[in-house]
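The structure under discussion appears below in the form of C-alpha cells.
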Amino acid sequence: MPSPLTHKPKYILIIRLSSLGDITHCLPVSYNLRKHYPQARIAWLVRERYKELLEMEACLDEIVEIKNISPRRLIARINEICRIINLLRRKKFDIVLDLHCVLITNIISIFSGSPLKFGIDKKNELGLKVLKYSPLSKNKKIHRVNAYLSILNLLGINTYEIKYNFVIPLKDSDRMFDLLKRYGHSSRKAVIAFHPGTAWEIKQWGIEKFAELSSILSIRYDTELVIIYGPKEKFFKQDKITGLFSPKAKFITCSGIKELAALLERCDLLIGNDSGPLHLAAALGIPTISIFGPSNHFVSAPFGDNHKIIRKNISCSPCYGTFSVKFMCKHRDQKCLQLLSVEDVLEETEPIVTDIINAKREKTLSNK
C-alpha cells in the first residue's frame, strides 16, 4: 500500500488505553515506527494504571495519561476527554494511530487535530468504523499482534519486525532478585512461576486446580515454585488459599508492572490463565503454559515460540466475539474450563518442565 505521507512525520501518537496484555501486543508498532522514522517523536495515550509498562519501552519519547474515571461519573468523564483533546490539539500530532478503536478513543482521534488519523479493523460500541483502516482477512485466526501491526500498512510500511525494547529499571530487578535470594533462590534450580489469577472470572481455571498442579510438580521435580499475584488479588494472603499450595511454594506480590517484569525475567516458566502477565512474559522471552477456555487462542495466545496452549476442544469454545468474556458463560456451566482436569494439564506440562530442568542443568555444568 502506498504511503499517504508527503513528508516524514515529526510527531506520532499511538492510542491504546488498556489493558496489560493488549498494550503488550501493541508495542511492536512503536518499535517499527521508531525503525522507519528514527527522527520522529513518538507518544502514547494510555490509562494511568498502565503507564509503568510504557515507561519500560525504549522506543517511546512521551507518555500521555488519561484518568480512569467510572462511566457513572459522566460529567467528570466528559471533562477528562475534553482535557485530553485540548492537550493533543496543542501538541499538533502529524499522525494518530488508534489501536483501541472504542468510542472514547475514536472521539479523541477525530478531534485530536491531526491531519492523518488511522484505526484498526474493528467496530466501536456503536457498531461503526469511523477511521480509515487496513482491512484484514475474514480469517479469524489472525493474531492480535499482526492485527495491530496491519495499521502500519496505511503508512506505506509493509514489512515489519515483531520485537520489544524493554528496559527494566535496575532497582526493580535488584529488589526481585534480593527477594528470591531471601527465599533461598539458587541459580542451579529452575524457577517455575504460577499466576492463578485473572481479571475475568470466566477465564479462571480454578485456584484449587493450580494448587494441585503446583504441588504435584513440587513433589516430582526439584524446582523453585513461585506464586505471583497483584495488589488487587489480596485473597492470596488468606491462610485458606495459601494452605492449598505446597509448603515449598513462595507467594510474591508485585506492587506494579515494573516489579512484575523484573520477577518474570528471573523465571524459567510461567503457568497461568489467559491474562496480562502471560503476554508480558512472552514479550520478555519467558516460556509460558496457558490455560484457555472462552478466549480465541488463535487470536490472543502468548505470541511467539516456546508457548504451550492447553484447552478442551469443545463446540462452543472459543466463544470470544460471539459472547463477551466480560460476562458469564452463556451455558452457565463453563465446560471449556471445568472439563480440563489437573491430569490433562500435567500431561502437557511435565515434558516442558523436564526440558527446562535439563537445559538448566546443562547450562550450570557448562559454566563450571
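Table for the structure above
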{"quantity": "Elements of type helices (runs of 4 or more DSSP H) contained in the stretch 1-97, each with 3 or more residues being surrounded by 16 or more Cβ atoms within 10 Å (Cβ to Cβ) and of a type in the set (A, V, I, L, M, F, W, C)", "calculated": "20-36, 74-91"}
{"quantity": "Some residue of the stretch 118-137 being at pLDDT 95 or above, within 23 Å of residue 40 (Cα to Cα) and open to solvent by less than 60 Å² (accessible area, probe 1.4 Å)", "calculated": "yes"}
{"quantity": "Top-ranked residue of the stretch 138-159 - restricted to ones that are hydrophobic (A, V, I, L, M, F, W, C) and part of a helix (DSSP H, G or I), ranked as surrounded by the fewest Cβ atoms within 10 Å (Cβ to Cβ)", "calculated": "147"}
{"quantity": "Residue in the stretch 300-321 that is hydrophobic (A, V, I, L, M, F, W, C), assigned to a helix (DSSP H, G or I) and closer than 24 Å to residue 343 by Cα present", "calculated": "no"}
{"quantity": "Count of residues meeting criterion [touching a residue at least 24 places away in the same chain (Cβ under 8 Å), outside any loop (DSSP other than H, G, I, E, B) and over 17 Å from residue 144 (Cβ atoms)] in the stretch 119-132", "calculated": "0"}
{"quantity": "Residues of the stretch 332-367 that turn out to be part of a helix (DSSP H, G or I), open to solvent by less than 100 Å² (accessible area, probe 1.4 Å), more than 13 Å from residue 269 (Cα to Cα) and not polar (S, T, N, Q), as a count", "calculated": "7"}
{"quantity": "Pairs where the first residue, in the stretch 56-80, is of a type in the set (Gly, Ala, Ser) and the second is open to solvent by less than 60 Å² (accessible area, probe 1.4 Å), C-beta under 7 Å, 6+ apart", "calculated": "58/165; 76/69"}
{"quantity": "Residue in the stretch 179-191 that is out of contact with any helix residue (DSSP H, G or I) (no Cβ under 6 Å at 6 or more places or on another chain), within 30 Å of residue 40 (Cβ to Cβ), at pLDDT 90 or above and open to solvent by 70 Å² or more (accessible area, probe 1.4 Å) present", "calculated": "no"}
{"quantity": "Residue match in the stretch 75-97 (condition: of a type in the set (D, E, K, R), modelled with pLDDT of 95 or more and touching a helix residue (DSSP H, G or I) at 6+ places or on another chain (Cβ under 7 Å))", "calculated": "no"}
{"quantity": "Some residue of the stretch 283-292 being in a loop (DSSP other than H, G, I, E, B), surrounded by fewer than 23 Cβ atoms within 10 Å (Cβ to Cβ), modelled with pLDDT of 90 or more and in contact with a His (Cβ under 8 Å, 6 or more places away or on another chain)", "calculated": "yes"}
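The values are calculated or read from the model by the stated rules, or taken from the named source; none is laboratory data. Since we're looking at a predicted model, the values are computed, not measured. Cβ atoms come from the backbone with ideal geometry, glycine included; neighbour counts cover every protein chain shown. For accessibility, only protein heavy atoms count, side chains too; no ligands or nucleic acids. Shrake-Rupley method; radii C 1.70, N 1.55, O 1.52, S 1.80 Å.
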